[in-house]
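Worksheet for the structure shown next.
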Amino acid sequence: MKIEDIKSLKQVLKLCRENGVSAIEIDGIKLNIALETKKAKVRQVSDFSSDIPEANIKVPQYNGEVADDITTDELTPDQLLFYSSTPEPGQDNPQ
């Protein structure tokens with residue numbers, strides 16, 4: 001048998017796969033034929049909403065507004081600097 005073009009090669013490969021042939025030699029050329037794998041179905045986001053109930057939760061969007069006056073009980077920069085230090089003997093502890 002002689003393979004003249006790609007179309008006839010495809011027909012031979014298809015026939016071999018249908019009949020479970022894994023190796024063949026045609027016209028002095030050895031071919032190892034792998035089984036054809038099925039392509040996995042690509043799932044859409046809507047497919048997951050029925051599987052995962054959390055997928056239906058609406059996430060609040062950031063609107064870009066920032067509050068100007070936020071008061072906190074933070075330490076001052078000097079208090080942060082000396083937070084873990086101990087006072088020298090003889091100095092007052094101003095706490």
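Rank-order 54-63, 19-28 by packing density, defined as the average count of other C-beta atoms within 10 Å over each peptide's residues, highest first.
Details: 54-63: 6.6, 19-28: 9.6.
Highest-to-lowest ranking by the protection proxy: 19-28, 54-63.
Pulled fully out, how much extra length does the chain show between Lys39 and Thr76, if you take 0.36 nm times their separation in residues and subtract their Cα-Cα distance?
Details: separation 37, 0.36 × 37 = 13.32 nm, distance 6.29 nm.
Extra length from Lys39 to Thr76 when fully extended: 7.0 nm.
FYI, it's all coordinate maths here, none of it is from the lab. Keep in mind the model is a prediction, meaning the values are calculated, not measured. Virtual Cβ from ideal backbone geometry, glycine too; neighbours counted across all protein chains shown.
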